[in-house]
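The values are calculated or read from the model by the stated rules, or taken from the named source; none is laboratory data. None of these values were measured; they are calculated from a predicted model. Neighbour counts run over all protein chains shown; Cβ positions are idealised from the backbone, glycine included. Note: accessible area is taken over every heavy atom of the protein model, side chains too, but ligands, DNA and RNA are not part of it. Shrake-Rupley method; radii C 1.70, N 1.55, O 1.52, S 1.80 Å.
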Amino acid sequence: MGFKDKAVAFSRKLKLDSHHAIERFGVFFSLFTVVGAVVLAGSGAAAFTAGRDAMSERAMYTTQFETSKTGLGGDVDGIYVNENRNKALVLMHFDNDAPISYQADDYQAFLLGSNDDLSSAPLETAGITGQFHVFGSTGYIGMVLEAEEPFDQQVLNLTLRSNSELAFDADDEATGSDETAEATAGDPSFQQYDQWQVFFNPGASGVKEVNALDELSFDPARAYYDTVLKDAEEEARADLDNGLQAMRSDLARIESYTEDLNTTKADGLYLRPPEVPASIAGDEVVGDSAGEAEDGVSTLELKTEHVVPGGFDVNWRAGDVYEGYLDVLVPNGQTTSEYLAGKRDETLSDDERSDVSGIEWTLSDGSSLTEDYQDSDVTMRPLINVMNNLSQAYSDYSRDKTAYQSTLMLNLLTLDVDLRDVQSNSSVRDDEGVLTTLY
């Protein structure tokens, strides 16, 4: 048998000849079906695993909300847990000036579980109880959940209800957006009550821990400081430190331009050093910036005998907002509001108003550079340049000092005021009716 005959016989044996095309198609189809099933199963498993991995890391699924009836909007600021991860805080705040109730008794919540696609499912974490907190009149609210064990890896659906509607649209009683209506379709309670939903996973690895949740009893002021004010305080302190660096640079320029008075002459005349304005006389910025310090911690500090009108003299590095600054500043017998109102009403006296702009520039012969000579006088140009440089440096320092002691200091103290509001006016609802759980 030749090679060609052997090849034909072999093809017939494996049904590869033209007479077995249908059988051959069936074999290949079955093979591809099996291989495809294996590939799809593998990719499905990989997608499921990736989805579970993403869910295990992601803590917050809702970043904004809108109430279903009154259309009040707000943000979900974060999800926080304690060290044991069996206590969680869902922190939210309403938009500025939103007409909401500041009484926690006016709110209640409903909690159920969700699947990966955020459809409803039974809760997997056992024994969850809740507290609803209103953080004074700041607009911040929070739901604290505590479980018998660490939270499972499950997205939770928290529905919050306001039983006090302080906003009303006469033209359309249901003012929620189309997105809100679509998301809550099929649940008539969202048309009957003013509600919103938050999806979150307190069991996620990416959730933040805060010390306030490790305390035996929840302190709203501590929680508010840890979650809201601390970042704002760091920003305010960074601005103050930048202000100190700006003033130090201004003072260095003042020193340099003052030395120029001794070396710059015109027609045998020189400028006498002017009297330093009282508002800045003797001022120093001492210490090292963060870039100069070996440990990278700035120690810059303003040494001054004069506080600008409406300004504050605060040793802000020695304390923090939680410990408070106003207790030291507010005089006995005066309330915080009275003290701050008095600062707001302080104005420059006539002497202070002309302190920098009224500097007298006297030449060595007793004449005045500003009154006896013109800016166009070519012979006096070197002295005019020195005068302008030094005058600008004084003005810049006065401006930066005013900003530092008034605007930047007030930004820090405003956080103290916010914390006092939370300390004095927070409310909590922790009765059995505050949270309904669906297992």
Review point. Taking interchain pairs and intrachain pairs at least six residues apart, which have beta carbon atoms under 8 angstrom, with the first residue in segment 97-120 and at positive phi and the second at pLDDT below 90 and crowded, with 17+ Cβ neighbours inside 10 Å?
Key: LEU118/TYR61
Study note, to complete from the structure: Among the residues of segment 386-439, the number that are among the polar types (S, T, N, Q), out of contact with any strand residue (DSSP E or B) (no Cβ under 9 Å at 6 or more places or on another chain) and either within 23 Å of GLY324 (Cβ to Cβ) or touching a residue at least 12 places away in the same chain (Cβ under 8 Å) (or both) is 11
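Check whether at least one residue in segment 285-306 is closer than 17 Å to ASP400 by Cβ, among the hydrophobic types (A, V, I, L, M, F, W, C), surrounded by 12 or more Cβ atoms within 10 Å (Cβ to Cβ) and out of contact with any strand residue (DSSP E or B) (no Cβ under 7 Å at 6 or more places or on another chain), and report yes or no.
no
Table: residues versus (1) under 22 Å from the mean Cα position of the chain (by Cα); (2) at pLDDT 95 or above; (3) outside any loop (DSSP other than H, G, I, E, B).
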position	(1), (2), (3)
MET143	yes, yes, yes
LEU166	no, no, no
ALA174	no, no, no
THR180	no, no, yes
GLY186	no, no, no
VAL228	yes, yes, yes
Review point. What number of residues within segment 312-337 are assigned to a loop (DSSP other than H, G, I, E, B), at pLDDT below 95 and either aliphatic (A, V, I, L, M) or over 15 Å from ALA236 (Cα atoms) (or both)?
Key: 9
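Yes/no matrix, rows are residues, columns are (1) in a helix (DSSP H, G or I); (2) modelled with pLDDT of 90 or more; (3) aromatic (Phe, Trp, Tyr); (4) open to solvent by 40 Å² or more (accessible area, probe 1.4 Å):
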{"position": "TYR339", "(1), (2), (3), (4)": "yes, yes, yes, no"}
{"position": "SER357", "(1), (2), (3), (4)": "no, no, no, yes"}
{"position": "THR370", "(1), (2), (3), (4)": "no, no, no, yes"}
{"position": "TYR373", "(1), (2), (3), (4)": "no, no, yes, yes"}
{"position": "THR379", "(1), (2), (3), (4)": "yes, no, no, yes"}
{"position": "ILE384", "(1), (2), (3), (4)": "yes, yes, no, no"}
{"position": "ALA393", "(1), (2), (3), (4)": "yes, yes, no, no"}
{"position": "LYS401", "(1), (2), (3), (4)": "yes, yes, no, no"}
Check your understanding: Going by the structure shown, is ASP95 modelled with pLDDT of 50 or more, in contact with a strand residue (DSSP E or B) (Cβ under 7 Å, 6 or more places away or on another chain) and open to solvent by less than 70 Å² (accessible area, probe 1.4 Å)?
Key -> no
Exercise for review: Give GLY324, GLY333 a once-over and let me know the one that is over 31 Å from the mean Cα position of the chain (by Cα) and either at positive phi or of a type in the set (A, V, I, L, M, F, W, C) (or both).
Suggested key: GLY333
**Study point:** segment 104-138, residues that are under 22 Å from PHE190 (Cα atoms), outside any strand (DSSP E or B) and open to solvent by less than 40 Å² (accessible area, probe 1.4 Å)
**Key:** ALA104, LEU123
Practice item. Restrict the check to segment 206-215 and report whether at least one residue is charged (D, E, K, R), surrounded by fewer than 21 Cβ atoms within 10 Å (Cβ to Cβ), at pLDDT 90 or above and in contact with a helix residue (DSSP H, G or I) (Cβ under 8 Å, 6 or more places away or on another chain). Key: yes
Check your understanding: Between a first residue in segment 274-291 that is over 15 Å from ALA246 (Cβ atoms) and a second residue that is among the hydroxyl-bearing types (Ser, Thr, Tyr), which pairs have beta carbons less than 6 Å apart while being 6 or more apart in sequence or on different chains?
Key -> ASP288/THR299
